Structure formats: C-alpha cells, structure tokens
Amino acid sequence: VRVYNYNPEGNDPEEMLLSLAERIRQGLTHGDPVYCGEGRMSYKEGSDYALERGFLHFLWGPMAVGAAGNLHSWLSGDKWPDPSERELDWIKCYSDFCKKINWSGCNSRNADGEIEADQPNIKTFACRSNDEVLLYLMNDDPSDKFEKTHTQLKISSQLDNGRYELKWIDIRTGKTISSKKISGFPALVTTPDFRDGVFCHIRRINTRRSL
C-alpha cells in the first residue's frame, strides 16, 4: 500500500506529519507494508527551520507509525529542489539506523494509543511487536518556539516478560543520545531533552526476535 501526505495547514510540518500518520494508519488496514510517497514541504514558502523539521519528521515519523523505512521526496525544480548535502547526510544517518532492524521478520502493529505523554503538545507515534517498540515523539509547540523540553511517557504496552533497553536516537545524527535498561512493561519513562523530535528504540535484551 502506498500513501501520500497532503498539506492541510499551509505548509506546517507538524500538521503534515499528523495528516500523514493518519493516512498510514488507514493504509495499514489494507495490508502491510505501507510505503510513503511525496513527503516534502514547499521550499518557496517554508522557513529554513520549518523545512528542516518537516524533512526530519517525514524521515523518522512514518516508520514509528508502522510504515516501511523509506523516503520518496518530491524533486521538481525550485519548489522541490534536489536534496542538499545536509539532507543527504540525514538520510544516510536514518538509513544506517534502519539497518539495525530485520525488516524481513517484521510483524509489528500500530501502538500509538499505548504511549501517552504528560504534555499535550508532545505527539506520540509508535508500533511494536511482542518484544520491540519503535517510537517517535514530535513537539507540536503551538508557539513555534521549539525550546528544549522533555516529558514523561506512560507506556501501557503488554510486552513479553524480560529486561528491555531503551535507546534514544538523535534524528539528525542517528546516534544514541542516552540509553536505559528497565525490568519490563507497562512502564513510566522520562525522555531526554529534545527540541522538535526524538526517536526511541526499545528492544528486549538477549533475544533474537526483531520487530
């Protein structure tokens, strides 16, 4: 299934991801995998930082909702120009992370409703198997200031028994910001500081199963 993201709120990257996530959830009801196409903002209208947020949201967010790890950008003259060197570097960092997941064994399901943040402006996107979770947090700051923030998450997922490791991933570098081991789920988890978005990979320790 292939889905497209549309622009319901005038080139707003956070609204665009919310719209795309809903389309992915709809697509998942028709079959798996779901691929995202044309995920880009208008470069003629967006500020540099808005375009940056949009590019990164559209990279990391769909995978957490349950779509395949892919990016299909618009390329069309000056409105959607070729990716910059910085954007290509972001894609590489994202791609390197995606290699850590055994997609051929993927048996995940959407779990957005199982993750609750204690701040209403922090939007959560998640999918999981019985022993692994992919989670993306987006700061939908109504004032568009995007200062550093953190939140506490209530994760109600009923995962297999065992110890788990949480790795928080920087969406610009693909590197681990911090990690923590916990005894199991459900659980309360406090995030590291982030501005606009952060990714979390949760996996049971000492298991060969993949998401």
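For MET63, are the conditions met, namely being modelled with pLDDT under 85 and buried (at least 21 other Cβ atoms within 10 Å of the Cβ)? It is false that MET63 is modelled with pLDDT under 85 and buried (at least 21 other Cβ atoms within 10 Å of the Cβ).
Could you check, for the stretch 7-19, whether at least one of its residues is in contact with a Cys (Cβ under 7 Å, 6 or more places away or on another chain), in a loop (DSSP other than H, G, I, E, B), at pLDDT below 70 and more than 20 Å from ILE169 (Cα to Cα)? Looking through the stretch 7-19, none of the residues is in contact with a Cys (Cβ under 7 Å, 6 or more places away or on another chain), in a loop (DSSP other than H, G, I, E, B), at pLDDT below 70 and more than 20 Å from ILE169 (Cα to Cα).
When GLY69 is tested against (1) part of a helix (DSSP H, G or I); (2) at pLDDT below 90, exactly one condition is not met: (1). When ASP78 is tested against (1) open to solvent by 50 Å² or more (accessible area, probe 1.4 Å); (2) at pLDDT 90 or above, just one condition goes unmet, and that condition is (2).
Filtering the stretch 179-200 to residues that are surrounded by 14 or more Cβ atoms within 10 Å (Cβ to Cβ) and small (Gly, Ala, Ser) leaves ALA187, GLY197. Is it true that LYS99 is within 20 Å of PRO62 (Cα to Cα), open to solvent by 30 Å² or more (accessible area, probe 1.4 Å) and either hydroxyl-bearing (Ser, Thr, Tyr) or more than 13 Å from the chain's Cα centre (by Cα) (or both)? Here the answer is yes, as LYS99 does meet what is asked. Just to check your reading of the model, which residue among ARG203, ARG172 is in a loop (DSSP other than H, G, I, E, B), open to solvent by 20 Å² or more (accessible area, probe 1.4 Å) and under 19 Å from TYR94 (Cβ atoms)? Among ARG203, ARG172, only ARG172 is in a loop (DSSP other than H, G, I, E, B), open to solvent by 20 Å² or more (accessible area, probe 1.4 Å) and under 19 Å from TYR94 (Cβ atoms).
Going residue by residue through the stretch 156-176, is there one that turns out to be out of contact with any Lys or Arg (no Cβ under 8 Å at 6 or more places or on another chain), farther than 28 Å from PRO33 by Cα and at pLDDT below 95? No: zero hits. Applying a threshold of 8 Å to beta carbon distances and a minimum spacing of six or more residues, or different chains, the list of pairs starting in the stretch 101-127 at a residue that is more than 10 Å from LEU153 (Cα to Cα) and modelled with pLDDT under 95 and ending at one that is open to solvent by 30 Å² or more (accessible area, probe 1.4 Å) and of a type in the set (Lys, Arg) reads GLY105/ARG209; ASN110/ARG25; ASP112/ARG25; CYS127/ARG109.
Residues that are in contact (Cβ under 8 Å) with a residue 24 or more places away in the chain, in a loop (DSSP other than H, G, I, E, B) and either open to solvent by 20 Å² or more (accessible area, probe 1.4 Å) or under 26 Å from SER47 (Cα atoms) (or both) within the stretch 145-169 comprise PHE146, GLU147, LYS148, HIS150, SER156, GLN158, ASP160, GLY162, ARG163, listed in sequence order.
The values are calculated or read from the model by the stated rules, or taken from the named source; none is laboratory data. Quick caveat: nothing in here was measured; it's all calculated off a predicted structure. When we count neighbours, we look across all protein chains shown, and the Cβ atoms used for this are built from the backbone with ideal geometry, even at glycine. The accessibility values were calculated without ligands, DNA or RNA, using every heavy atom of the protein model including side chains. Shrake-Rupley method; radii C 1.70, N 1.55, O 1.52, S 1.80 Å.
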